[in-house]
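Let me begin by presenting the structure, written as C-alpha cells, before commenting on it.
Nothing in this text is a laboratory measurement; each read-out follows from the coordinates by a stated rule. Note that the coordinates shown come from a computational prediction; the quantities given were computed from them, not determined experimentally. Positions of Cβ are backbone-derived with ideal geometry, glycine not excepted, and every protein chain shown enters the neighbour counts.
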There are 4 protein chains.
Amino acid sequence: MKTIRYLDPQSRQVQLGIVERDEVYSVTRQVPQWTDPLPMWYAFRALGVSPDAGAQRFLQGSSLSFASLEEEGLLLPPVHSEEVWAAGVTYERSRAARNAETKITDSVYDRVYEAERPELFFKATAQRVVPPGQELGLRCDSTWMVPEPELSLVLSRGGEIVGWTVGNDLSSRDIEGDNPLYLPQAKVFHRSCSFGPVLLWNSDEVSDPASWNIQLQIERGGTVVYSDVVSFGQFRRSFKELIGYLRRDNPIPDGTVLMTGTGLVPPDDFTLQPGDDIKIRIDAIGILHNPIVGPIDEL
Amino acid sequence: MKTIRYLDPQSRQVQLGIVERDEVYSVTRQVPQWTDPLPMWYAFRALGVSPDAGAQRFLQGSSLSFASLEEEGLLLPPVHSEEVWAAGVTYERSRAARNAETKITDSVYDRVYEAERPELFFKATAQRVVPPGQELGLRCDSTWMVPEPELSLVLSRGGEIVGWTVGNDLSSRDIEGDNPLYLPQAKVFHRSCSFGPVLLWNSDEVSDPASWNIQLQIERGGTVVYSDVVSFGQFRRSFKELIGYLRRDNPIPDGTVLMTGTGLVPPDDFTLQPGDDIKIRIDAIGILHNPIVGPIDEL
Amino acid sequence: MKTIRYLDPQSRQVQLGIVERDEVYSVTRQVPQWTDPLPMWYAFRALGVSPDAGAQRFLQGSSLSFASLEEEGLLLPPVHSEEVWAAGVTYERSRAARNAETKITDSVYDRVYEAERPELFFKATAQRVVPPGQELGLRCDSTWMVPEPELSLVLSRGGEIVGWTVGNDLSSRDIEGDNPLYLPQAKVFHRSCSFGPVLLWNSDEVSDPASWNIQLQIERGGTVVYSDVVSFGQFRRSFKELIGYLRRDNPIPDGTVLMTGTGLVPPDDFTLQPGDDIKIRIDAIGILHNPIVGPIDEL
Amino acid sequence: MKTIRYLDPQSRQVQLGIVERDEVYSVTRQVPQWTDPLPMWYAFRALGVSPDAGAQRFLQGSSLSFASLEEEGLLLPPVHSEEVWAAGVTYERSRAARNAETKITDSVYDRVYEAERPELFFKATAQRVVPPGQELGLRCDSTWMVPEPELSLVLSRGGEIVGWTVGNDLSSRDIEGDNPLYLPQAKVFHRSCSFGPVLLWNSDEVSDPASWNIQLQIERGGTVVYSDVVSFGQFRRSFKELIGYLRRDNPIPDGTVLMTGTGLVPPDDFTLQPGDDIKIRIDAIGILHNPIVGPIDEL
C-alpha cells in the first residue's frame, strides 16, 4: 500500500489518501481522524489487518488524480514528523566525499564508516520540512551545496518501520568541510529538508530494499547537469542498527523520519544554484521533486 | 524582574509567577493567558512597560513560598521551549577539555575556538527537558559523563534576549571524544537537559553578565566531590554573534533557549554516578539543582 | 462490546478500555490515538469489523478491575462530548409531571407530547458534564430539584448511533414550572449533567432497547428514599425521529450525546438534598452513580 | 477603542486590529499572542492601562482599510466565543410580538416580561456563528423567520463587560410560536447567529448605552422592505441583572457573548427570503451586515 497526504482541492483540509496507480482515494473521508498514517498503522496492527488487505476497503467511490494534486501544489509530507533524524557515512561513496571536503586522510569519516556506532544527527523539526514539490532553500553563507538523496524510514515511537519514503537532506559541504563541529549548521536550516510524496507501507508484499536503486537527477535551465544512480545494496548499515542507536536512551515521537544517508555525491566542483530542479527516484516508492531557491532576506 | 513557572499546589495548573525575595506572586491569577513569559514580554514591550515597573502591578495579594514550591517538586522550566540549542568551546577551559577527550592537538576544537563561526548544536526538544529539581539521566553506553553548567539565554523568535537562566547541558565525554561526529549522541538523549528555575528578565536594571560567576558543585553521599567557579568574563564570544549564527537562515520559535557553553570542567577522571546531586549557581539569577539517575530500561 | 474511558492509575493519562465482566482492557495501550470511542468506531466501520469481533483483539494481556477504577474515582465520561442535547416529554409519566409543575391543563406539555415535533434542548457543554461517580450540584435558587434518569445515545456527526449509555439530566422543577421560558436555566448549570460510565456499542448483538428497564434509586443517610423503574417500551418517540429533528439544519459534532427524556419522576413533594446518592441502572448497560452536593459559592 | 478580528490579506492568519476611523492597525503584529481581545483586555486591566491609552501604542506603522477588509470578506467575529447566550422579552415591543406568535393573552411572555427572572437561552456555539458579512441561513421547516437585532455584550469569565458589539439572533417565529418548548429549535441552528464586526471596548470614554439607537434595515432586490429603529433606552432590564442570572450557578468561558434581546420586530406578515440583505446599525459601534440564504441540503 502507498499513501500520501494532501490538501483537498475544495475544502483545503488535510487528507490521507491511498495511491493506486495514478488515482488517490481519500481515507479521511471514511475515517475523519485519519489525516496521518500513524493512527491507521496502529489500527491495522491492533486489528491484524495487513496494509494491502486494508487498502482494499478504501479503493471505492470517487478518486483524484495524483498528477493533478502534484500540479496544483497540494501535496504534503506523507507523515507529520516532529523530528527528522539522519545518518551519515553509510555508503563507501559518502566516506570518500566527506574526506574530500575536509582534505584529510584517516579522518573522522573513515573512523565512523568502520565503527560499530553510526553517525546520527538531528536534521529537522516539522517547521523546517518542505512539502514535496515545494522549494528547498540555499544558505546565504555557503558556496558548496548539494542535495543528498536518501531512502528514508518512517518510524513508530516503538521503533517499528511503518514504511519507506524518498528523502532529500540538503547540505552545505563547505561549512561541514570547514569543521565537523559545524555539522548542525551545515544540516539544519530553513527549507533544508524534504521527503515524500509517497509512503510505501512496510508489509510482507514489499520487495527487499537491498534490491532498490536510488536515482538523482539535477536539471538546470532545461539541461540535466548531474544524474547518477546507486543501489541500496551498497548501504553499509542495517535498518535495525540505525534504529537501535537512534532510540538508545532517546525516545522518539510517532512518525519520526530517519534518513539513512546518501550514496550519491555530485563531483566536487558541483554546487546547487537557485533555479535548479532536483528529482530523486526510488522505483519501488516514487519520485521526490523540489526546485531550489536562494536564501530569503527576511525570516 | 525574576519569573518562574510552577504548578499551583491546589489546582495543579501551570502558573507564571514573579519571584520577589522568597515569595512568588502569580501573574496567571490576573492574566489567565500568561502561563509563559513570552506573551507577557511581548505585551510589556508593545505597551512600553519595563519589566521592573510592570512587576510592581503583581506584587500584591497572596503569595507562595519559593522554597516550598521547590520542596514539593512543583517547579517547571521557566519558559516552554520547543527548541534548546547550545554553543560549544566558548571558553578556553572548554577547548582544553575537548582536546583531552580526543587526545589530539591542533584539533577541531582549537580551530573552532579561534574561528569566526562558533560551534552550535541542537540540544533538546521540550520533551527532553527536565524541570528544575527533577532527575537528569545518564546514558547506558557512556562511562564518562559530566554536567555542563551554562549561562542560558531565552530568546524571542526575532532573536531578542528575553532574559537569562541557569542551564545544565548534561554530556557524554567518551562518546563525543570517540568521534566529533558522535556529538548529537553525546548531547541529545532522554533527560539530558535542564534549565531554570528562575528567568532573570533582560532590562536596564540588570548588571553586566560579564561580572557574573557560574559555580558548579557536585555532591555524592553528602560529600562535595567537585566544586569550582568561573567568571562569565572569560566567555570568548558575544551574545550577539551566537544569536546571529543561530538565526542565520534558521528561524527559531519564541522561547528558544540558547545555552552558551561551559567554562567549568571536572578533572578527567571524574564521571557522574547515579545518586549524585548537582547544583549550579549564578548569583545574579539563582540555583539550578538536579539529582542524577541511571538510564531507564524501558523508554 | 462495552467501553469506558478512565485515567490510568499510574500515568493518569486518558485511556479507552473494553469492559469484559469486571475486567477492563486498555485499547489505548495498543492504539495510542484511541482515547475516545469515535476514532475506533470509524475505523471499525471503514474496515467492516463488528464491535464484538473487534473487541476480541484487545482482550489479552494485563487488565484492571472496573470496581477499583470506580472506587479510586478514575472513571471519565464514556465519550468526550462537546454538546449534550436532551429530549423532553417523551413518556406519558413525564407529561403528567410537567403539568403538575405548571398546574395547568391543556398545557404546552400536552401539546408537545402529542405533536409530531419533539421537545429538544441544549443540555450541556463538555465543561458542564460531571464524570461518573463525581458530584452533581444543586442550584442555589431552586427548592425543587430532581434527577432525570435517561437512556442516552452517543451519536456520530452523521447521526448514526454509536452506542447507548446511562444519563442523568439533573433539573430544577420549580424554575421550569414557573415559566417554560426558564427551561434553559432549569437545565443548564454547573455540574448539572452526568452520563456513563459504560458505553454499549450499537451492533447486531445488542438486545432491543424497547425491552430495557431504567431503574432509579435515591439514597439519603443510608436509606432508600425513592426507587422506581420504567420500561423503555413506554418511550413514545423513536430514536430516528429524535435524531432527525436534532440534526435538522443543525450540524452536531462527533460524540454528541442525546438524552432521550425521562419516564421516572419522584413524587411532587420530593426534592434532592446535599448528601443524597443517586443510582441509575439500565441492566443492559450498567449503573451510573453520582452523589449530590449543594451549590458552590465561588465559580 | 474599537477592535476587529480579521484574516490578514497576505498570510491569511488571524489578526486582532484596532479600528481608527477607516484604518485598521494590527495588534497581532506587535504581540503575536493577541489574536483575540480577551488576552489584551486582561493585560490592560492588570497593568492599569485604559483601552484608549493602550490603543495609542498600536496606531503606528502600516494600516489596512476597513472597507477593503470588508469587501474581500476577511472579517471575523470580533471575539472567539465558545458560547453565545441570549435574553428574550427585554423590550415591550418584544412581548407584544411574542404574544402575536402564540395568539394568547396573559402568556408566558407577559409573565417573563414582568418577572424578576429574565428569559435566557443558549443561542450558539462557535461553530454556529457566522462571521460578519457572511451568509445567515434559513431553516428548511420554518415559513416565518426574522432577524433579531440586538446590542450584544462580550463578557469575561468573571462576568465583566469587555465591550459591546452588534448582534443578529436569527429566529423562527412559527416554530417558537407553535410551542415555547420549541424555543431551542427556533433559535439554535446552522448559520443562525452573527455578531460584529466591531467590538467597542468598555471604558470611561464610552457614552451611556441608554442613549444608543439600534437600526434594522432589510433590503430585497435593491429595495428596502423593512426599516425601523429603537432606542436602547426602552430596554427593560439592566446589564447587571442579565449577567447575574446568566452566571448564577453557571460558569461561562472568557469571551462569552450575551445578546440582550430585540426591540425591533417586523410586521407579522413579514418573513425573510433567500437573497435578502440585513443591516443592523448601532451608531456608537458600527454596522453588522449579513445576506440571507436558504437552507443547505447537505450539512
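With a Förster radius of 60 Å applied to the beta-carbon distance between B:Arg236 and D:Glu219, the computed FRET efficiency rounds to 0.25. Peptide C:50-57 is shielded by partner chain Cβ atoms: per residue, an average of 1 of them sit within 10 Å of its Cβ. Please work out the Cα center distance from the stretch A:214-271 to the stretch B:225-299, rounded to the nearest Å. Spelled out, the Cα-based centre of one part sits 33 Å from the other.
Residue of chain D with the Cβ closest to the rotation axis carrying D onto B, and that distance rounded to whole Å: D:Ala43, 2. Between identical copies, the spacing of A:Gln10 label points, each set 7 Å from Cα toward the C-beta atom, reads 3.3, 4.7, 5.2 nm from nearest to farthest. A cut-off of 5 Å between modelled amide H atoms, ignoring neighbours fewer than 5 places along the same chain, links A:Asn213 with A:Phe232, A:Asp283, A:Ala284. Between B:Val229 and B:Val293, the simple label model (points 7 Å from Cα in the Cβ direction) yields a spacing of 3.3 nm.
Over the stretch A:48-110, the pair-distance histogram of Cα-Cα distances with 5 Å bins from zero comes to 3, 11, 11, 10, 11, 11, 11, 10, 9, 8, 4, 1, 0 percent, rounded to whole numbers. Computed from the alpha carbon positions, the gyration tensor of the stretch C:260-299 leads to an equivalent ellipsoid with semi-axes of 23, 16, 10 Å, biggest first.
Averaged over the residues of A:113-121, the number of partner chain Cβ atoms lying within 10 Å of the residue Cβ comes to 4.
Rg/Rh for the stretch B:221-299: what does it come to with C-alpha atoms and Rh from Kirkwood? Each step should come with its number before you reach the end.
On the way: Rg = 16.6 Å, Rh = 16.1 Å.
Over the Cα atoms of the stretch B:221-299, Rg/Rh equals 1.04.
Considering only DSSP beta bridges with both partners in the stretch D:83-293, what is the antiparallel share in %, to the nearest 5?
Of all bridge pairs located within the stretch D:83-293, approximately 85 percent are antiparallel.
Relative to one another, the C-alpha centroids of the stretch C:159-202 and the stretch D:169-199 are positioned 21 Å apart. Based on the convex hull around the alpha carbon atoms, the stretch C:2-76 presents an average projected area of 4.6 nm². Hey, quick one: spin label on D:Asp277, modelled 7 Å out along Cα-Cβ, who in the stretch D:200-233 has an amide N within reach, i.e. under 20 Å? Counting only backbone N, you get D:215-229. Rg then Dmax, both in Å and based on the Cα atoms of the stretch D:1-125: 20.3, 60. Can you compute the label reach from C:Glu114? Point 7 Å from Cα along the Cβ direction, backbone N cut-off under 18 Å, restricted to the stretch D:166-190. Within reach of a label on C:Glu114: D:177-182. Across the identical copies, the 7 Å label point of D:Arg29, projected outward along Cα→Cβ, sits 3.8, 4.3, 5.6 nm from its counterparts, in ascending order.
Using only the C-alpha atoms, the convex hull of chain C corresponds to 133 Å³ per residue.
Near the amide H of C:Gly163, within less than 5 Å, lie the amide hydrogens of C:Val154, C:Asn202, all on another chain or at least 5 residues away, with H placed in the peptide plane.
Label points for B:Glu116 are taken 7 Å from Cα along Cα→Cβ. From this copy to the others they lie 4.3, 8.0, 8.3 nm apart, shortest first. Amide H to amide H distances under 5 Å link B:Thr90 with B:Thr262, where only residues 5 or more positions off or on other chains count and H is placed in the peptide plane. What residues from the stretch C:49-90 fall in the zone where the backbone N is under 17 Å from a label point 7 Å along the Cα-to-C-beta line of C:Glu23? Taking a point 7 Å out along Cα→Cβ of C:Glu23, the residues of the stretch C:49-90 whose backbone N falls under 17 Å are C:53-69.
Label-to-label distance for C:Ser62 and D:Arg12 is 4.7 nm, based on points extended 7 Å past Cα in the beta-carbon direction. The radius of gyration of the Cα set in the protein assembly as shown, together with its Dmax, comes out at 32.9, 102 angstrom. Taking 51 Å as R0, compute the FRET efficiency from the Cβ-Cβ separation of C:Phe270 and D:Asp174 and round it to 0.05. The calculated FRET efficiency here is 0.85. The calculated Kirkwood hydrodynamic radius for the stretch D:64-193 is 16.0 Å, given to one decimal from all distinct C-alpha pairs. With viscosity set to 1.002 mPa s at 20 °C, what whole-number translational diffusion coefficient in µm²/s follows for the stretch D:141-263 from Stokes-Einstein and a Kirkwood radius over Cα pairs? Estimated diffusion coefficient is 134 µm²/s. Test of understanding: in a Gaussian network model of chain A with alpha carbons linked when under 10 Å, which of A:Gly263, A:Gly196, A:Gly275 would top the mean-square fluctuation ranking? Evaluated over chain A, the most mobile residue of the options is A:Gly275.
In this structure, the pairs whose alpha-carbon distance is over 25 Å, taken from A:Lys123/A:Lys240; C:Lys2/D:Lys123; A:Lys187/B:Lys2; C:Lys240/D:Lys187; A:Lys123/B:Lys187; C:Lys123/D:Lys279, are C:Lys2/D:Lys123; A:Lys187/B:Lys2; C:Lys123/D:Lys279.
Spatially, the stretch B:1-56 and the stretch C:110-147 are offset by 40 Å when compared through their Cα centroids. Averaged over the residues of peptide D:238-250, the number of Cβ atoms from other protein chains lying within 10 Å of each residue's Cβ is 3.
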